[in-house]
Amino acid sequence: MSRIGRMPIAVPAGVTVDIAENNKVTVKGPKGTLERVLPTEMEIKLEGAEVVVSRPNDLKKMKSLHGLTRTLINNMVVGVTQGYEKKLEVNGVGYRAAKAGKKLTLSLGYSHPVEMEDPEGIETVVEGQNVIIVKGIDKEKVGQFAAEIRDKRRPEPYKGKGIKYADETIRRKVGKTGKK
């Protein structure tokens, strides 16, 4: 049985969870509202201050959906209470990030500055010139936008220049050696 799927999700104070037909789950909290349509096969019940997810049978597909459904609901609850953030670091000579309004401007050694608009529900904060923090209540959107920023200039293995996650380690390679 799915160890994750079995665990009940504690609903903290100040958070309301509504389960509509077709398993449309709406979570309201201090930071905002998230809604998502979850797999209809799963049975989602609100028992007191806990959300319990159960599966109809032990088919492989149901087993895999069980843990997923529970995790998605849990991510929504955590999102509306604490929110999510990802930290990116810009490394390299002359590489920098700047923020003006909702526009993030990256100077990454191209012939032009790269401009990115904050998507709906996502906020970017620039600390100094080389740390970008992506914040939001939807874990999926935060991760996606952070990945899109990183894609503008991925870290390269020789000097480590580029945009990397703060917790990411770059596998370094040894460069060319001179002729003897």
Exercise. Between their Cα atoms, which of LYS139/LYS176; LYS99/LYS139; LYS45/LYS139 are more than 31 Å away from each other?
Worked result: LYS139/LYS176
Problem set entry | Residue-span extension gain [GLU43 to ILE19] - 0.36 nm each, minus C-alpha spacing | 7.6 nm
For this session: Could you check the simple spin-label distance between GLN144 and VAL52, using points 7 Å along Cα→Cβ, in nm with one decimal?
Result: 3.3 nm
For this session: Give me the number: length gained by fully extending LYS61 to ARG154, i.e. 0.36 nm times residue separation minus the C-alpha to C-alpha distance, one decimal in nm.
Result: 29.9 nm
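Tell me, Kirkwood radius of the chain from alpha-carbon pair distances, in Å? List each step's numbers first, then the result.
Working: mean 1/r = 0.0529 Å⁻¹.
Result for the chain stands at 18.9 Å.
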Exercise. Fully extended, how many nm does the chain gain between ALA98 and ARG171 (0.36 nm per residue separation, minus their Cα-Cα distance)?
Worked result: 23.5 nm
Seminar exercise, completed: For the chain, the percent of accessible surface on carbon and sulfur atoms (probe 1.4 angstrom, ligands and nucleic acids excluded) is 50 percent
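Would you please put 73-79, 55-61 in order of how densely packed they are, using the mean number of other Cβ atoms within 10 angstrom per residue and starting with the highest? Mind dumping the intermediate values first?
Details: 73-79: 20.9, 55-61: 11.4.
So the peptides 73-79, 55-61, ranked by packing, come out 73-79, 55-61.
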Problem set entry | Alpha carbon centroid spacing (whole Å) that separates segment 47-79 from segment 84-103 | 36 Å
Seminar exercise, completed: As straight-line cross-link partners of LYS152, the qualifying aspartates and glutamates (C-alpha separation under 12 Å, not fewer than 8 residues apart within one chain) are GLU115
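Summing Lys, Arg as +1 and Asp, Glu as -1, what charge do residues with Cβ under 10 Å from the Cβ of VAL17 carry, VAL17 excluded? List each step's numbers first, then the result.
Details: positive: LYS28; negative: ASP18, GLU50.
Residues close to VAL17 contribute a combined charge of -1.
For each pair in LYS103/LYS173; LYS28/LYS164; LYS31/LYS164, compute the distance between the two Cα atoms and list the pairs where it is over 31 Å. Intermediate results must be reported in sequence, preceding the final value.
Values: LYS103/LYS173 35 Å; LYS28/LYS164 33 Å; LYS31/LYS164 28 Å.
As for pairs spanning more than 31 Å Cα to Cα, those are LYS103/LYS173; LYS28/LYS164.
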Exercise. Counting Lys +1, Arg +1, Asp -1, Glu -1, what net charge surrounds MET76 among other residues with beta carbon under 14 Å of its beta carbon?
Worked result: +3
Exercise. Averaged per residue, what accessible surface does the chain expose to a 1.4 Å probe, in Å²?
Worked result: 62 Å²
Exercise. Under unit Cβ charges (Lys, Arg +1; Asp, Glu -1), what dipole magnitude, rounded to 20 debye, does the chain have relative to its Cα centre?
Worked result: 1440 debye
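The values are calculated or read from the model by the stated rules, or taken from the named source; none is laboratory data. Owing to the predicted nature of the structure, the values given are computational and were not obtained by experimental measurement. Methodologically, a virtual Cβ is constructed for each residue, glycine included, from the backbone with ideal geometry; neighbour enumeration extends over all protein chains shown. Side chains are part of the model used for accessible areas, which takes the heavy atoms of the whole protein and leaves out ligands, DNA and RNA. Shrake-Rupley method; radii C 1.70, N 1.55, O 1.52, S 1.80 Å.
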